[in-house]
Each structure stands twice: as structure tokens, then as C-alpha cells.
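Read through the structure below, which is laid out as C-alpha cells, and then see the notes.
The values are calculated or read from the model by the stated rules, or taken from the named source; none is laboratory data. Predicted, not measured: the structure shown is a model, and the values here were computed from it. Here Cβ is always computed from backbone atoms with ideal geometry, including for glycine, and neighbour counts include all displayed protein chains. We work out accessible area using only protein heavy atoms, side chains counted, and drop any ligands, DNA or RNA first. Shrake-Rupley method; radii C 1.70, N 1.55, O 1.52, S 1.80 Å.
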Amino acid sequence: MDHPNPSDVSANQLWHLGARVECKQKSTVSACEVAKFWSKFVIFSISTSAAAMDHPRPCGCKGRRTCLSCEKDFEIERVDFLKLFKQDCEAYSFCPRCNKIYPGWDTAKVMAEHDQSHGGDPGEDYPGVYIDLDFLSESEEAELMKGIDEMPWDMSQSGRRKQNFGPKTNFKKTKIRAGNFDGFPKFSECVQRKFDQVPLMRGFQSIEQCSLEYTPERGASIDPHIDDCWIWGERIVTVNFLSDSVLTMSRYRKEDGKNRYNLDFVDRYRDKLISDLVDEAAMDRFDDRIVRIPMPRRSLLILYGPPRYQWEHSVLREDIVDRRVCLAYREFTPMYLEDGSEYNKSEEIFRLAKNFWNHSEVYSSS
């Protein structure tokens, strides 16, 4: 491959590493090499100031992450993941009624075809995904949303808003402390209690609960990523509210032979995983594929095994058609559990995580 122009910046650096783009005011910096997953090159440009890219912007975004507001105000051209996925990948959709994947981008259409046995297509296995389509009732959703919206929201990146309840973590330095964590709002306790009814959630101890809000007005999304593997455990748990959406899965590959997301820590607890990981030869069949996982309103989604560690997941801007809120839950890795080598650093956090407090006494109704 020819060496890029010195003024170029690779998309791997920009996208995966969040590299700081050094450029003159109003100059254009082209990004040449996109992740090896796509097996092609894509050119895009960024027109902005270095300061705007390096520091948090008024909307909450920084670095490579953008929303409609900062794209307009700072003339930033975002990475169009929808275009990349559709150009370079064959789309499959997960059917939660038979737990298999079938060709097709439209998850609603694939789910509707279940009643016709998917036209005789036997589908393909895609282990590591659990969906309970009716996890919440309408009344439970309404009561939970009432409590969520009575608490203040914080601006987050890529057009999202958040409410975070969990310990203070430093993923780069692999350090954790309780910080201001004091448990969870009382109105959400019912969700954790309902987890006890799900066999796959046996032994799950919630140590982080995060409310995330996506709206089309802000162009909300989340870029392809894998949740940190040093501190967050195998099960990635999401409860969905207000509208249907889709999680888009793309195969993860190392960059320059190096892992990201603290994935090297997985070797320390691989023997304790719920589901075995897939060998690289078996993963090769997914080189040019994406998998679309439906996240219907009031459903519960759990990722574990290969989708947790061998696939990046994202929520595309185009899949947010109405206001969507979700509750995301995390558990600790085995090192930080009671019989783990790092339990002395997490014992206090486990104690705090048993606390549920009245949000109306903490936050004013105004």
C-alpha cells in the first residue's frame, strides 16, 4: 500500500483511537484507511478547527464523535456508517423468535417472516444473543419513564443524553473507585428484581445502571465499539423504552496486531465465560457481513459470548426514528467478584450497589 500523504489521517486512527486532528482553521483533512473489516478504502473529509476537535464542544461531543448540532456549527463531516455498511457488507437480521439470522437489512420484515417459516430458509446460528420481547408491561414502562424523566439529564456524546449511576472508572489506567456512587433510584429497583426471572441473568450483580436517551432531532447514535473488558463483565444488558430500534453488529479485528477495549484481559477469565468464543477460522465467514439485532420497545436484550467480545456494536443515526430511552446494566469481570483477585477494590462498590434511594427526595420536581 502506498504511504498516505503526510497531511492525511487514517480512519482507523480517527475512528478507533480518536486521534487528535491537527489542522489549520478551515483546512480539510482526508482520512484514507478505514478498518480492515470493510476490506476497502473510503475517503472522507473533516473541515474544522483543531480546538473544536480536541476539546468537548457545547453539545457534549468531542474528537471523532459528532451530532447534528456540532456538524452544522463546526462544519464537521461525519463518518457515514450506514453508507459504509450498505456498500461493503451483506446484511443479516436476527430473528428473536427462532434465534437465527437471515439475509436482510430490515429487522421488522425478517421478524414478520417468522410466521411463514422465513420462506423455508433454515437460517444460520448466531449464538450469544437473548431477547425477551415482552420484558416490560405498558404500565411498568410508563412508571419507569416517569421516574427517569423526573431526574436531570446530562449531555453525552453523539447526540445522546445520559443519567449514570455507577463507580468511577479509568479504562486507560485500569483504576476504579466508588466516587459519588451511592446505589440506584428506587423506582428502577423493579427492573433488577425482574432480572431474577431470567435464567441467563443468574448471578448477575448490577454495579452500573445508565439511562441513555436517543432522539432524531439531535442525530443521536453510538459508533461501533466493544464495551470495556477489564472491568465490565460478559453480559451486556439493555432494557428498551418508547420506540423500536436496531443494534448493528460488525466483526471486530485487531488494529496493527493490537487489541483495543482492554480485550487482552479476557484471557484472564475466559474459562469462566457463559459461552465459548469462536475461533478465527469460523469468524472468517463474517468478513463482509453485518448482523442487525432488533431492540423492540419494552424488550430486554442481553449480549454475551461472541457478540460481546468478537463483534463491535453500534446504533445508527438512521435507526433512531423517535425518542428512544434505554437502561443499560453492567456487571464486574470475574477478577472483581467475591472470589476474584481484585475483590478488595470492588467490595465497597458491591455494598453501595445494594442501596436504592428515593429520587424525589434527591431531585426537586422542577
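Near Leu133, within a Cβ-to-Cβ distance under 9 Å, what is the net charge of the other residues, with Lys and Arg +1 and Asp and Glu -1? It would help to have the intermediate numbers written out before the result.
Numbers: positive: Arg97, Arg298; negative: Asp132, Asp134.
Net charge around Leu133: 0.
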| said: I want to check the label-to-label distance for Phe350 and Glu150. Put each point 7 Å from Cα in the C-beta direction and report it in nm to one decimal. | reply: 3.2 nm
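Share of Cα-Cα pairs in the range 129-174 beyond 12 Å, in percent?
When all Cα pairs of the range 129-174 are counted, 77 percent exceed 12 Å.
I need the semi-axes of the equivalent ellipsoid of the range 59-141: take the C-alpha gyration tensor, multiply each eigenvalue by 5, square-root it, list largest first in whole angstrom. Spell out each step's value before the answer.
Values: eigenvalues 227, 81, 24 Å².
The answer is 34, 20, 11 Å, longest axis first.
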| task | Rounded to whole Hz and in sequence order, give me ³J(HN,Hα) for the range 214-230 from the Karplus expression 6.51 cos²θ - 1.76 cosθ + 1.60, θ = phi - 60°, writing x for Gly and Pro. | result | 10, 9, x, 4, 9, x, 5, 6, 9, 5, x, 6, 10, 4, 3, 9, 6
| Surrounding net charge for Val321, when Lys and Arg each add one and Asp and Glu each subtract one, Cβ distance under 14 Å | -1
| Residue-count net charge about His114 - beta-carbon cut-off 14 Å; Lys, Arg +1, Asp, Glu -1 | -1
| message | Show me, bin by bin at 5 Å from 0, the whole-percent P(r) of the range 305-366 based on Cα pairs. | response | 3, 11, 12, 14, 14, 15, 15, 11, 5, 0
| Other-chain or far-sequence residues with amide H under 5 Å of Tyr252's (modelled H) | Trp311, Glu312
| request: Using label points projected 7 Å from each Cα along Cα→Cβ, tell me how many nm separate Asp115 and Trp357, to one decimal. | output: 4.8 nm
| said: How large is the direction-averaged shadow of the alpha-carbon convex hull of the range 164-234, in nm²? | reply: 6.8 nm²
| message | Probe radius 1.4 Å, ligands and nucleic acids left out: which of Ile274, Ile302, Ile176 has the largest accessible area, and how do the rest follow? | response | Ile274, Ile176, Ile302
| query | For the residue pair Ala178 and Asp264, what label-to-label distance in nm results when each label sits 7 Å from Cα along the Cα-to-beta-carbon direction? | reply | 3.2 nm
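Stick to Cα atoms and the Kirkwood definition of Rh, then tell me Rg/Rh for the range 113-224.
Rounded to two decimals, Rg/Rh equals 1.03.
Please give the contour-minus-distance gain from Glu189 to Lys254: 0.36 nm per residue of separation, less the Cα-Cα distance, rounded to one decimal in nm. Please report the intermediate quantities before stating the final value.
On the way: separation 65, 0.36 × 65 = 23.40 nm, distance 3.84 nm.
Between Glu189 and Lys254, full extension yields 19.6 nm more.
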| task | State the extension gain, in nm to one decimal, for the chain segment bounded by Asp88 and Asp322, taking 0.36 nm per residue of separation less the distance between their alpha-carbons. | result | 81.5 nm
| remark: Averaging 1/r across every pair of distinct alpha carbons in the range 231-311 and inverting yields a Kirkwood hydrodynamic radius, in angstrom, of 14.2 Å
| Once you sort the root eigenvalues of the Cα gyration tensor of the range 258-365 as a ≥ b ≥ c, which label holds: rounded (a/c under 1.5), prolate (a/b larger than b/c) or oblate (the other case)? | oblate
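Sort Lys258, Lys146 by accessible area with a 1.4 Å probe, largest first.
Numbers: Lys258 145, Lys146 110 Å².
Largest to smallest exposure gives the sequence Lys258, Lys146.
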| remark: Note: the range 191-338 at 25 °C, 0.890 mPa s; Kirkwood Rh on alpha carbon pairs; Stokes-Einstein D in µm²/s works out to 151 µm²/s
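Over 21 Å between Cα atoms: which of Lys172/Lys258; Lys109/Lys194; Lys83/Lys254; Lys162/Lys272 fall into that group? List each step's numbers first, then the result.
Working: Lys172/Lys258 15 Å; Lys109/Lys194 29 Å; Lys83/Lys254 23 Å; Lys162/Lys272 31 Å.
Table pairs above 21 Å Cα-Cα are Lys109/Lys194; Lys83/Lys254; Lys162/Lys272.
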